[in-house]
Amino acid sequence: MSPTDTPQATAPITQDVLTLPRKLPEGGRTNIVGLTREQLRDALIAAGTPERQAKMRVGQVWQWVYHWGVRDFSQMTNLAKDFRALLADRFEIALPEVVTRQVSGDGTRKYLVRIAGGHEVEVVYIPEEGRGTLCISSQVGCTLTCSFCHTGTQKLVRNLTAGEIVGQVMLARDDLGEWPVQGAPKDETRLVSNIVLMGMGEPLYNFDNVRDAMKIVMDNEGIALGRRRITLSTSGVVPEIARTAEEIGCLLAVSFHATTDAVRDRLVPINKKWNIATLLEALRAYPNLSNSERITFEYVMLQGVNDTKEDAYRLVELIRGIPAKINLIPFNEWPGAPYKRSSGNRIHAFADILYNAGYATPIRTPRGEDIMAACGQLKSATERARKSKARPEGEAGL
């Protein structure tokens, strides 16, 4: 499709992306992490659990895994010993492996985690007063090639499974010591109080696995994060936007970043498939849209590209009538980046126009820049290190 073609909202999504199966190779054990309640029930019955007991067993195992954070079947003390033995023989409770953990001067934590096949993704935890936000990934690499995003310069390898997505939440809770302790007074403090699907990848190109993972995270008998504590960020995969509300129910954020198709085609190439008008039409029809469940428009501030007063006034007109807030994101520069961050004065002038038009317009404070954990920087340091090791001895670095 050329940039001048009018995209169709019903255009099919075609992605040749491998997702690893949930089941381990023949003779191995099935990982419980990532199975929905229905899938866990089917797996337990297939392993020999009587159907009349299956619902009860699912509830028991579910609480041990997702409420208490238990990884050893022998510790599931309200289950009979023979059933615990069956579980240990046929199942496992496995998370991605934490390879490195870095802590920024501002308290941000970045985890490099290894998944099946030896691939790696990054997860970021951002502590704030009264809350903590976990930024998780949905794909290994990214297919969108947004020109301002370093993550987008890395090739897409595959989708993450539901278990690998849920596993990111669980390993962060491990590191933060957030699992409740049996017998201890109930503690309502939530260190991971919010989740944003804003890490590596486009979540709506991995919809089924993201949906299943978030259903597990929201389940009231487990991790129990409310749907309004979860925000999914998309670059604009229009056909899947309504499904996000209907099948997940979380809040929606959109990587917008431009007020004309000419500029957005360059910054967010998916715009050539679903342009601004098509995207905004889908957002206006988003189910449950209200002032209490607004759409977040993410707008990275790029010097001389999208940061003029004219852009600000144009943005106001484009989103008029959509309950929304606009997050202004100072560009997080990376080695070789083709853009510069807008000046503070320019960002504040832009914000004032939006604020005076009635929109909440927070300016995001960059977090974790010293460990390359800020927005758009994920995986970049890892990729540089990998390429450096792969470079023949004596070859000059770039």
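Going by the conditions given, is SER137 in contact (Cβ under 8 Å) with a residue 60 or more places away in the chain and buried (at least 20 other Cβ atoms within 10 Å of the Cβ)?
The answer is yes for SER137.
Restricting the search to the range 117-140, which residues are in a loop (DSSP other than H, G, I, E, B) and either in contact with a Cys (Cβ under 6 Å, 6 or more places away or on another chain) or of a type in the set (Val, Ile, Thr) (or both)?
Once the filter is applied, which keeps residues that are in a loop (DSSP other than H, G, I, E, B) and either in contact with a Cys (Cβ under 6 Å, 6 or more places away or on another chain) or of a type in the set (Val, Ile, Thr) (or both), the range 117-140 yields only ILE136.
Can you find, within the range 89-116, the residue that is farthest from SER74 (Cα to Cα) among those that are part of a loop (DSSP other than H, G, I, E, B) and of a type in the set (A, V, I, L, M)?
Looking at the filtered set, the residue picked out is ILE115.
When you look at ALA258, is it modelled with pLDDT of 95 or more, in a loop (DSSP other than H, G, I, E, B), of a type in the set (Gly, Ala, Ser) and buried (at least 19 other Cβ atoms within 10 Å of the Cβ), yes or no?
yes
Which members of the range 38-59 meet the condition of being part of a helix (DSSP H, G or I) and surrounded by fewer than 16 Cβ atoms within 10 Å (Cβ to Cβ)?
GLU38, ASP42, ILE45, ALA46, GLU51, ARG52, GLN53, LYS55, MET56, GLY59
Regarding the range 20-37, can at least one residue be identified that is assigned to a helix (DSSP H, G or I) and at pLDDT 95 or above?
Yes, the conditions are met somewhere in the range 20-37.
Checking the structure you have, find out if any residue of the range 188-204 is free of Cβ contacts under 8 Å to residues at least 12 places away in the same chain and either more than 15 Å from ARG131 (Cβ to Cβ) or in contact with a helix residue (DSSP H, G or I) (Cβ under 6 Å, 6 or more places away or on another chain) (or both).
Checking the range 188-204: not a single residue is free of Cβ contacts under 8 Å to residues at least 12 places away in the same chain and either more than 15 Å from ARG131 (Cβ to Cβ) or in contact with a helix residue (DSSP H, G or I) (Cβ under 6 Å, 6 or more places away or on another chain) (or both).
Are any of the residues in the range 311-331 part of a loop (DSSP other than H, G, I, E, B), farther than 24 Å from LEU197 by Cα and free of Cβ contacts under 8 Å to residues at least 60 places away in the same chain?
yes
Could you please find all residues in the range 227-246 being surrounded by fewer than 23 Cβ atoms within 10 Å (Cβ to Cβ), in contact (Cβ under 8 Å) with a residue 40 or more places away in the chain and in a helix (DSSP H, G or I)?
ARG228, PRO239, GLU240, ALA242, ALA245, GLU246
The values are calculated or read from the model by the stated rules, or taken from the named source; none is laboratory data. Because the structure is predicted, anything quoted here is derived from the model rather than measured. Note that each Cβ is placed from the backbone with ideal geometry, even for glycine, and that neighbours are counted across all protein chains shown.
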